[in-house]
Every structure is written in structure tokens, then in C-alpha cells.
Amino acid sequence: MEVLMDDIRGMVVLLPGLQLLVDVLRERGWTVIGPTVRDGVVVHAEIESVDQLPRGVGDVQDSGSYRLCQRGDEAVFRYVVGPQSWKSLLFPSRELLWSGRQTGAEMEVEPADIDPPRLALLGVRSCDLHALGIHDTVLARRSAPDAAYVSRREDNFIIAVTCSDPGGTCFCVSMGTGPVPDRGFDLALTELIDADGHRFLVQPGSDCGEEILDELTTRATGDEVLNAARSDRDAAREVGAAAAQRMGRSLDTDGLRDLLYANAEHPQWDDVASRCLACTNCTLVCPTCFCTSVEDVSDLSGTETERWRVWDSCFNKDFSYLHGGSVRSSVPSRYRQWATHKLASWMDQFGTSGCVGCGRCITWCPAAIDITAEVGAIRSGEG
Ligand code: SF4
Ligand code: SF4
């Protein structure tokens with residue numbers, strides 16, 4: 001459902017009101033996962049207090065480059081996206097499928113327990129909301145849904161945040177996925193810092209979000225939760241509009257699918273492959289990549305065994321190994337496979353682009369390879 005933010009009611013909460021939101025969600029049984037700073041990056045972790053949020057922290061991102069910076073204000077959501085997407089939580093990099101034990105001539109096999117906590121995700125950007133929607137299509141709506149993913153997604157409470165300071169590698173406007181959340185959330189926040197102070201416009205996007213907002217209003221003891229004024233809505237609209245004008249990158253998507261299909265032999269694939277290390281970073285940080293392989297692990301006695309599903313990547317030569325060899329043995333063919341799947345064949349397979357313009361693959365590429373530049377070179381005919 002697409003939500004028209006101008007048409008729905010809103011409340012303004014101050015930082016203590018945001019704490020009240022965290023408290024209410026925890027009391028109702030959700031584990032709240034929000035942004036925190038660890039090892040020089042913004043990562044997702046369980047939080048109990050708004051003091052754990054990255055207060056006053058911004059980031060500077062470019063091809064192959066990410067640095068945190070101090071903003072000199074009290075903002076808690078004015079960084080961009082970090083290396084982790086929400087797929088790390090909902091579709092983890094290693095997952096036990098089953099374990100087995102041999103007793104005599106018998107083999108007992110036990111499927112892995114699927115009993116995830118109820119997750120409330122705080123600070124989800126619009127690009128990542130669209131990525132969640134893509135994973136829902138790929139993993140949950142197929143004929144044999146991924147039971148573990150479905151179970152982790154069930155009963156999520158999602159608090160989206162409007163991007164205010166897009167990064168140097170962001171291009172969500174080109175992909176139609178941001179910067180203002182338009183679907184798939186329970187509450188949407190816009191952080192406002194101006195002459196009227198530091199506050200958050202909070203708008204509901206679901207019945208559950210409405211209910212939580214009502215509880216905040218009922219439980220507020222002072223002015224930490226207030227009705228939004230027209231000026232708050234105007235200021236929030238301005239935050240989203242200004243962010244849309246400040247994208248670090250852009251990608252011309254006009255006819256992109258057909259362009260890539262028509263250029264399978266373009267020399268740019270060799271050019272990019274001469275720089276690409278086939279390190280897989282771009283696929284691991286991408287919020288929509290979902291390729292996996294399976295590992296069987298047994299103990300030294302050979303009586304206990306486990307089967308794990310692990311993230312894999314189309315940049316690995318062995319990923320396309322069939323009987324007798326790898327289908328994509330060269331790096332040019334692997335980069336072409338990745339970019340063409342994201343931006344072209346994903347549409348035929350799942351009905352949308354596989355790219356949401358989050359920019360992570362550009363920021364976290366050690367060779368500073370930029371998918372918007374590579375595709376732009378193909379479009380312009382510069383081989
Ligand atoms: S494009 Fe960059 S991140 Fe991706 S595999 Fe090549 S070197 Fe690694
Ligand atoms: S391909 Fe790159 S920009 Fe697009 S969703 Fe994946 S990581 Fe983000």
C-alpha cells in the first residue's frame with residue numbers, strides 16, 4: 001500500500017517521546033533493533049535506550065570510501081545507510097538447516113528450530129523498505145516459501161525514517177525508491193532540527209502503528225508527545241524534498257533492461273573486469289542479493305553432522321559450477337551477470353528492478369567500482 005504522507009495524521013515527539021516509543025515496543029514483546037556505532041561504522045544492534053543511537057554522527061561516502069564524522073548537532077538519524085542491510089537479521093549469512101546424528105545403523109535428522117524474536121526495526125530507510133519488499137517477493141511469495149525468512153518477517157514492527165542527508169553514493173531517486181518512505185512501515189519518522197527545536201514528526205502507516213501512536217499519546221506525561229502543527233508537516237516535507245535534490249549519484253533507467261540485453265558483448269565488461277577483484281563485497285552488502293550455497297559439516301568421529309546455508313555470490317567462480325566446470329569462468333562474465341541481473345533480468349523474473357539505489361555496492365567496493373558509472377559508460381557508448 002502506498003501511503004500519501006500529507007493525508008495522514010501526525011504527532012510530534014521529542015527525544016524522551018522516542019524513548020517512550022522504544023519502551024512501549026519492548027513492553028509489548030518486541031526486540032528493538034536500531035542504529036548504533038561500532039568499529040567506525042553504523043550497524044544495527046538491539047537497543048533499550050535512545051542514548052545508544054548515533055547522536056551527532058554523520059557519514060561521508062564515496063566510491064570505495066566511508067568515514068563517520070561529527071555533525072555538531074544532536075541528530076540521531078542523519079547518517080546514511082551503513083554496510084549492513086536488514087537482510088543480515090532477516091536472512092542471516094549463516095543459517096543451520098538441520099542437524100543429524102548416527103546411532104548404530106540409524107540416522108536421526110532434526111530440522112533446525114525456527115523461533116526468532118519479534119523484531120521492531122528502528123530507522124529503516126526508504127531504499128531498504130523497498131529492498132524488504134523485494135525479499136518478500138523473492139523469498140516469501142514463491143511456491144516454496146523460505147520458512148525461516150517468513151518466520152523472521154512475521155510480526156515485524158517497522159519504524160521508517162525519511163533520509164535528510166543522502167550519501168555521496170545514493171541514487172534512490174533514480175530507482176523510484178526514496179528518499180521519503182511511502183510503503184511497508186508501521187510508523188514513519190522525519191527528524192526535524194530547526195528554530196522550533198529537535199523533534200520527530202511521527203506518522204502511522206498501519207493499524208498497528210496507529211495503535212502504538214495512540215498509546216504514546218495516552219502515556220505521555222509532559223510535552224514529549226504533541227499533535228503535529230502545519231509547520232511541522234511543512235518542515236518534514238521540506239526535509240524529503242531537499243534530500244531528493246542532493247543525491248550523490250544518478251542512474252538513467254530509461255530502457256535500461258533492453259540496453260543491457262543488447263550489450264552483452266560490450267567492451268565495458270572487460271574494462272570493469274580489469275579493475276574488479278571478484279571479492280564479492282558488492283553482493284554481500286547489497287540488501288537484495290540472496291544467493292546462497294549449502295555446507296555440510298561433520299565432527300571428527302563422523303557421527304554428528306550439520307547442514308548450513310551460507311551466503312554465496314555470483315562473483316565466486318564456483319557459484320556457477322555445473323558438471324565439468326564453471327559456466328561463468330571469467331570475471332567479465334561474472335560482473336555482467338551481476339549487473340544485468342540487478343538491472344534487467346530481475347524485472348523479467350520478479351517484476352521489479354533488483355536495485356534500490358542504496359549505494360552500498362559503490363561505497364564498499366575496494367576497487368571503487370560504481371555500477372552507475374559502468375552502466376553509464378555502456379549507455380554513452382564509451383567502451
Ligand atoms: S565490483 Fe567491487 S565489490 Fe564487487 S566483486 Fe568487484 S571488486 Fe568486489
Ligand atoms: S546493486 Fe548496489 S545500489 Fe543497488 S541495491 Fe544493491 S547494493 Fe544497493
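The values are calculated or read from the model by the stated rules, or taken from the named source; none is laboratory data. Just so we're clear, the structure is a prediction, and the values are computed from it rather than from any experiment. Here the Cβ is made from the backbone with ideal geometry for all residues, glycine too, and neighbour counts use every protein chain on show. Note: areas computed on protein heavy atoms with side chains; ligands, DNA, RNA excluded. Shrake-Rupley method; radii C 1.70, N 1.55, O 1.52, S 1.80 Å.
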Original post:
What Kirkwood radius, in Å to one decimal, follows from the Cα pairs of the chain?
Top reply: 22.4 Å
Subject >> Charge sum, other residues only, whose C-beta stays under 14 Å from T221's C-beta, Lys/Arg counted +1 and Asp/Glu -1 >> reply: -3
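Before I look further, what does the chain give for accessible area per residue, probe 1.4 Å, in whole square angstrom?
Here the residues of the chain average 45 Å² of exposed surface.
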Subject >> Computed helical MRE - 222 nm, the chain, DSSP H runs ≥ 4 contributing -39500 (n - 2.57), nearest 500 >> reply: -8000 deg cm²/dmol
**OP:** Taking only Cα atoms and a 10 Å spring cutoff, compute GNM fluctuations for the chain and point out the largest among K317, K342, K87.
**Re:** K317
Original post:
Once the Cα atoms of helix 331-340 and of the chain are each reduced to a long axis, what angle between those two axes, in degrees from 0 to 90 to the nearest 10, is obtained?
Top reply: 40 degrees
Original post:
Among G123, F91, F77, whose Cα lies farthest out toward the positive end of the dipole of the stretch 71-141, if unit charges sit on the beta carbon of Lys, Arg (+1) and Asp, Glu (-1)?
Top reply: F77
Original post:
On average, how much area does the Cα convex hull of the stretch 73-220 cover when viewed from any direction, in nm²?
Top reply: 13.1 nm²
**OP:** Could you tell me how many degrees, from 0 to 90 and to the nearest 10, lie between the Cα long axis of helix 371-380 and the main elongation axis, the longest principal axis, of the Cα atoms of the chain?
**Re:** 70 degrees
Original post:
If you line up the long axis of helix 15-27 against the longest principal axis of the chain, both from Cα atoms, how many degrees apart are they, to the nearest 10?
Top reply: 60 degrees
Original post:
What percentage of the solvent-accessible surface of the chain, computed with a 1.4 Å probe over protein heavy atoms, is contributed by carbon and sulfur atoms?
Top reply: 49 percent
**OP:** Provide the descending list of Cα extents for the stretch 45-143 along its principal axes, expressed in whole angstroms.
**Re:** 67, 30, 29
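Return the Rg/Rh ratio of the stretch 138-230 with Cα-based radii and a Kirkwood Rh.
Working: Rg = 16.9 Å, Rh = 15.9 Å.
Looking at the stretch 138-230, the ratio lands at 1.06.
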**OP:** Quick one: check the C-alpha center-to-center distance for the stretch 213-283 versus the stretch 130-187, whole angstrom.
**Re:** 11 Å
Subject >> Solvent-accessible surface (1.4 angstrom probe) belonging to Y321, in square angstrom, nearest 10 >> reply: 130 Å²
**OP:** Let me know the Rg and Dmax you get for the stretch 272-383 when you use only its Cα atoms, in Å.
**Re:** 16.5, 60
Subject >> Point-charge dipole on Cβ atoms (K/R +1, D/E -1) for the chain, about Cα centre, debye to 20 >> reply: 960 debye
